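Notes to accompany the following structure.
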Amino acid sequence: MHTLICPSCGAGNRVPEDRIGQSPQCGRCKTPLFPGKAFELSGEALARHRQHDSLPLVVDFWAPWCGPCRMMAPHFNAVAERLEPNLRFAKLDTEAEQAVAADYGIRSIPTLMVFRENVLLFQQAGALSASQLEELVTQVKAVDMAQVHAEIAAQEKNGTTTH
Ligand SMILES: [Zn+2]
């Protein structure tokens, strides 16, 4: 069973594993849960997705005035269309959400971050090609999250991290 946060209304939807590939819609607002392209996230929505959504989340931090961001956007959407419903793809407008961008330490855009089970697994500044994006998400899918959580717990015990 997966929990999928609606890109439109933010409702949590429980979707069984065998139905995830059948274009599920939000039970509240009927929006497709996998829109076939990156969906817009506010900072608040990003926090909700990180905490409650059960799929890996790829976020493109971008801005409307950024040329490389606009060049990467079609590749990002194409990869989203191809790799849904294995992962979720979103974008966050750093111009509209400046405080959020500062919170996440965004220094240049585009910056890509991948979250899984509320853990930041990957971040990279600079535009990626479609094949680089695909390679990245393949790596993310292969991560052993039990091991990641165990390592975080061990670090917290030692007091060596601020996670
Ligand atoms: Zn909805």
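A short reminder: the numbers here are calculations on the coordinates, not readings from a lab. Bear in mind that the values here come from a model prediction, so they are computed numbers and not experimental data. Don't worry about glycine lacking a Cβ; one is built from the backbone with ideal geometry, like all the others, and counts go over all protein chains shown.
Scalar couplings 3J(HN,Hα) for the range 37-52, obtained by applying the Karplus form with A = 6.51, B = -1.76, C = 1.60 to θ = phi - 60°, are 7, 5, 9, 6, 10, 7, x, 5, 5, 4, 4, 5, 4, 4, 7, 10 Hz; x denotes Gly and Pro.
Summarising the label geometry, the points placed 7 Å from Cα in the beta-carbon direction at Q22 and I152 lie 3.2 nm from one another.
Filter the chymotrypsin sites (Phe, Trp or Tyr not before Pro) in the range 2-73 down to the DSSP loop ones having no more than 10 other Cβ atoms within 10 Å, then list what survives. Mind dumping the intermediate values first?
Numbers: sites: F39, F61, W62, W65; in loops: W65.
When the chymotrypsin sites (Phe, Trp or Tyr not before Pro) of the range 2-73 are filtered for loop state and at most 10 Cβ neighbours within 10 Å, W65 remain.
Mean sequence separation of contacting Cα pairs (under 8 Å, at least six apart), scaled by the length of the range 36-158, corresponds to a relative contact order of 32 percent.
Between the amide H of N13 and those of L4, I5, C6, distances stay under 5 Å, these residues lying 5 or more places away or on another chain, with hydrogens modeled in the peptide plane.
Based on Cβ point charges of +1 for Lys and Arg and -1 for Asp and Glu, what charge dipole magnitude is obtained for the chain about its Cα centre, in debye rounded to the nearest 20? Mind dumping the intermediate values first?
Numbers: 15 positive and 18 negative charges, 63 e Å.
I would put it at about 300 debye.
Based on Cα contacts under 8 Å between residues 6+ apart, the range 1-62 shows a relative contact order of 37 percent.
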